[in-house]
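The next block holds one structure in the form of structure tokens; read it before the comments.
The values are calculated or read from the model by the stated rules, or taken from the named source; none is laboratory data. This structure is a prediction, so every number in the text was calculated from the model and none was measured. Every residue, glycine as well, gets a Cβ built from its backbone with ideal geometry; the counts of neighbours run over all protein chains shown. The area values use the complete protein model at the heavy-atom level, side chains included, leaving out ligands, DNA and RNA. Shrake-Rupley method; radii C 1.70, N 1.55, O 1.52, S 1.80 Å.
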Number of protein chains: 2
Amino acid sequence: MTALPTVGDVAQAAGVSRQTVSNVLNAPQVVRDDTRDRVQAAIDRLGYRPHASARRLRTRVSSTIGVRLPFVDRDGVSGAVLDRFLHELAEHADARGMRIMLFAARDHDDEIAQYRRLRDGADVDAVVVTATSYDDPRIDWLATERMPFVAFGRPWGSPHADDPGRPWVDVDGFAGTREATAHLLGRGLRRIGWLGWPEGSGTGEDRRAGWAEAMAAAGVDAAELEVLSLSAEDVASLARSTVERRLGGRTPDAAGLDALVCASDSLALGAMMAVREAGHPRFPVVGFDNTPVSAALGLSSVDQCLDLVAIAALELLLGDTGERVLPPGDPGIRAPHRLIPPRLVVRRSTPLTPTG
Amino acid sequence: MTALPTVGDVAQAAGVSRQTVSNVLNAPQVVRDDTRDRVQAAIDRLGYRPHASARRLRTRVSSTIGVRLPFVDRDGVSGAVLDRFLHELAEHADARGMRIMLFAARDHDDEIAQYRRLRDGADVDAVVVTATSYDDPRIDWLATERMPFVAFGRPWGSPHADDPGRPWVDVDGFAGTREATAHLLGRGLRRIGWLGWPEGSGTGEDRRAGWAEAMAAAGVDAAELEVLSLSAEDVASLARSTVERRLGGRTPDAAGLDALVCASDSLALGAMMAVREAGHPRFPVVGFDNTPVSAALGLSSVDQCLDLVAIAALELLLGDTGERVLPPGDPGIRAPHRLIPPRLVVRRSTPLTPTG
DNA sequence: ACCCGGGATTTGAACGATCAAACTAGCGGG
DNA sequence: CCCGCTAGTTTGATCGTTCAAATCCCGGGT
């Protein structure tokens with residue numbers, strides 16, 4: 001026969017019923033050992049593969065997680081973060097018997113329409129929401145519809161921040177910049193500047209706060225912190241001109257700066273271009289995200305440990321060991337909100353001795 | 001009622017049979033206008049969504065394309081190319097009613113096993129194969145099993161290169177480097193060097209040949225070409241030391257170089273660092289891939305036009321307009337091998353100097 | 001008056017799996 | 001000897017859709 005074998009064919013070959021074959025695959029413990037071996041042999045011999053769609057139709061479980069493909073951000077360096085997250089997610093999802101389905105969406109409304117279609121069509125059991133914003137309509141929709149999901153990104157300032165029905169995973173930016181700053185302080189540097197984004201971003205404020213805390217712990221007062229703080233949009237060229245303006249033709253030392261901690265690799269790249277151009281190639285600059293850019297340029301950077309983020313995201317959907325998406329708020333899920341501590345990657349751009 | 005509406009519910013609401021509802025969705029032209037309107041109204045009113053798995057079970061069509069998630073290449077810049085391709089693919093697939101399913105695989109054998117599972121489980125109709133190599137076992141398997149696929153990357157040197165049953169899309173590297181070289185020649189530069197990869201890569205040889213042809217057309221003889229040619233592994237730091245060795249402390253001019261065309265942005269970055277360190281920030285360097293790195297550094301680069309690549313890949317699977325994967329070798333598919341011409345993106349060539 | 005053609009619609013069966021309930025042994029206790 | 005219990009297995013129904021074939025309807029030709 002040319003058609004693919006079905007449970008019926010396997011059952012016939014093994015001399016058992018369809019249901020027993022099904023049990024061997026889905027609940028092996030209820031089948032007697034010798035029967036199981038016989039059925040397994042038939043499965044192997046016929047090369048049987050379960051028909052995923054038939055199973056889904058009956059069980060209403062797809063073992064698939066939907067992810068909206070984040071924007072193509074042509075000039076930004078930051079897109080790489082979501083790409084890497086996607087990589088890690090796919091890899092660890094595979095290890096837990098899940099697959100990732102991508103979809104595109106123009107805006108939030110369109111994305112919600114896609115959620116509905118994917119769920120109603122039994123295409124996905126859950127979705128991962130990325131690039132969350134304050135009062136995100138997608139999160140509201142998912143929560144009220146009780147569709148399983150997990151967000152990559154905290155709901156900054158939302159009244160629902162602690163709602164266990166709205167699980168999220170995020171990177172602890174505060175801890176990351178604090179570590180980066182402490183590292184520089186430990187090298188004997190003192191006037192460590194901050195280059196962040198314009199106000200209004202939860203992530204940006206969080207990362208700045210980490211720097212501020214480390215500086216405060218080293219005895220720097222609030223007024224001086226204000227002086228050490230710069231900001232620019234997340235584009236290398238703008239960061240560069242911001243730093244150039246700050247230097248105003250002076251040496252960094254004369255401008256009151258021993259080093260710079262940045263909110264992103266884009267900013268760090270711009271800052272590095274400015275100081276190197278001004279003739280201070282060893283001025284320490286630390287970035288955030290550990291993108292290929294920082295690696296190629298030998299820039300120290302805070303790595304987001306996206307593998308841990310992906311693993312945590314899956315735990316929030318599947319529980320610690322399961323292979324099935326749990327309903328929202330299920331007790332099998334431990335802490336529904338996870339902060340992943342990032343890791344400072346030190347490269348040669350932060351030399352052991354300060355230079356001017 | 002709390003359960004999702006089915007075709008049966010819609011049929012009842014519209015006073016027609018299940019099949020007519022099905023026809024409204026899949027073959028509207030066979031349904032009389034007024035009936036169609038009535039059914040459509042019922043669909044909208046009930047918020048009916050077809051159950052994708054049930055449809056797949058019956059039709060044996062999944063409207064899904066599988067893509068193995070390309071490697072996580074932590075330090076390389078090049079991974080960004082496949083990521084961008086994936087973005088474009090997802091976006092254009094969506095426009096043609098297709099979705100992308102990701103999967104992970106450890107090696108080629110594992111990948112083939114996944115192909116089989118995905119196909120037998122009716123999870124995907126076709127796959128896109130990336131990072132192809134000479135005599136790729138995956139391609140052989142797909143071709144002999146007659147499973148629909150398209151490769152991103154030419155089968156360099158394979159005897160099956162012209163087999164219409166083995167469709168591929170690729171970027172015309174030759175044309176890209178030729179254009180980049182011609183651009184520099186047009187600016188009055190003459191001794192344009194080549195920085196490529198060590199021999200043995202089809203893609204590398206192709207890109208080098210484009211440079212060589214443009215140079216030959218400008219009257220440079222073979223012996224001189226040999227002198228102008230450098231190579232390094234695809235890592236910025238190695239590229240940098242290769243160029244430094246070539247300069248040997250001299251100015252680029254004294255070392256016989258007016259500019260450099262590179263096989264990748266990683267190489268270009270290394271080259272740029274070397275010449276800038278040597279005090280020649282305006283020495284023109286052109287990269288390949290137009291990654292965020294080159295954009296951020298203001299490096300000219302050859303853009304692969306991955307949107308066109310993705311569109312072409314879908315055409316090779318679906319035909320010009322269809323929404324269904326065609327069997328391998330179907331006449332609905334025009335040319336089964338497509339070379340996409342890339343586009344030179346010119347940026348200011350000396351990003352690290354103050355403008356002026 | 002009859003039949004024919006063909007467009008529009010309906011009917012029953014099938015896709016391949018799992019669920020729920022029923023059945024069969026085999027065993028021990030009363 | 002019968003009853004109940006349990007572990008293991010089988011049976012019939014079902015998930016929601018589309019296919020293939022049958023049916024209905026209506027106008028026109030002979």
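Annotations for the structure displayed:
- Accessible surface buried at the B:A interface totals approximately 5000 Å², computed with a 1.4 Å probe on protein heavy atoms.
- Calculated label separations, residue A:256, copies of the chain, 7 Å along the beta-carbon direction, nm: 5.5
- Angle in degrees between helix A:202-217 and the longest Cα principal axis of chain A, rounded to the nearest 10: 50
- Per-residue mean of C-beta atoms belonging to partner chains within 10 Å, peptide A:105-118: 1
- Sequence-distant residues sharing a close amide H with residue B:149 (under 5 Å, placed H): B:127
- Percent of Cα-Cα distances greater than 21 Å, calculated over region B:80-203: 52
- Its Cα centre serving as origin, region A:173-304 has a Cβ charge dipole (Lys and Arg +1, Asp and Glu -1) of approximately 480 debye.
- Between this copy and the others, label points of residue B:222 are 7.7 nm apart in ascending order, each placed 7 angstrom from Cα in the Cβ direction.
- Distances from residue B:144 to itself in the other copies, using label points 7 Å out along the Cα-Cβ axis, amount to 5.7 nm in increasing order.
- Selected from B:5, B:215, A:105, residue furthest toward positive end of dipole (the protein assembly as shown; charges at beta carbon): B:5
- Using a probe of 1.4 angstrom and keeping all protein chains present, the accessible surface of chain A works out to 43 square angstrom per residue.
- Evaluating kT/(6 pi eta Rh) at 10 °C and 1.306 mPa s, with the Kirkwood radius of the protein assembly as shown over Cα pairs in the Stokes-Einstein relation, gives 56 µm² s⁻¹.
- Ellipticity at 222 nm from helices only: DSSP H runs of n ≥ 4 in chain B, each -39500 (n - 2.57), divided by the residue count, give -13500 deg cm²/dmol.
- Loop-located chymotrypsin sites (Phe, Trp or Tyr not before Pro) in region B:120-198 (DSSP state not H, G, I, E or B) with no more than 12 neighbouring Cβ atoms inside 10 Å: B:134.
- Three-way shape call for region B:245-356 based on the alpha-carbon gyration tensor, with the a/c threshold at 1.5: prolate
- Evaluated at q = 0.20, 0.23 Å⁻¹: base-10 log I(q)/I(0), Debye formula over Cα of region B:173-304: -1.15, -1.57
- Count Lys and Arg as plus one, Asp and Glu as minus one, and take only other residues whose Cβ is under 11 Å from that of residue B:191; the net charge is then -2.
- Of all the options B:14, B:93, B:151, the one that moves most in a Gaussian network model of chain B with Cα springs shorter than 10 angstrom is B:14.
- Shielding by partners, peptide B:161-170 (average Cβ within 10 angstrom, other chains): 0
- Sites matching trypsin sites (Lys or Arg not before Pro) across region A:88-185 that sit in DSSP coil, with at most 11 neighbouring C-beta atoms within 10 Å: A:106, A:146
- Overall, chain B carries a charge dipole of about 940 debye about its Cα centre when +1 sits on the Cβ of Lys and Arg and -1 on the Cβ of Asp and Glu, all other atoms neutral.
- The C-alpha atoms of chain B define a longest principal axis, and helix B:79-95 lies at about 30 degrees to it.
- Max mean-square fluctuation residue, GNM over chain A, Cα-Cα springs under 10 Å, options A:107, A:94, A:289: A:107
- Area accessible to solvent at residue A:323, 1.4 Å probe radius, in Å²: 110
- Cα-Cα pairs of region B:1-63 separated by more than 20 Å (percent): 25
- Candidates B:162, B:206, B:307: whichever shows maximal mean-square fluctuation once chain B is modelled as a Gaussian network with Cα springs under 10 Å: B:162
- Student exercise, region A:7-50 dipole from Lys, Arg, Asp, Glu Cβ charges, in Debye to nearest 20: 100
- For chain A, radius of gyration divided by Kirkwood radius, i.e. Rg to Rh on alpha-carbons: 1.12
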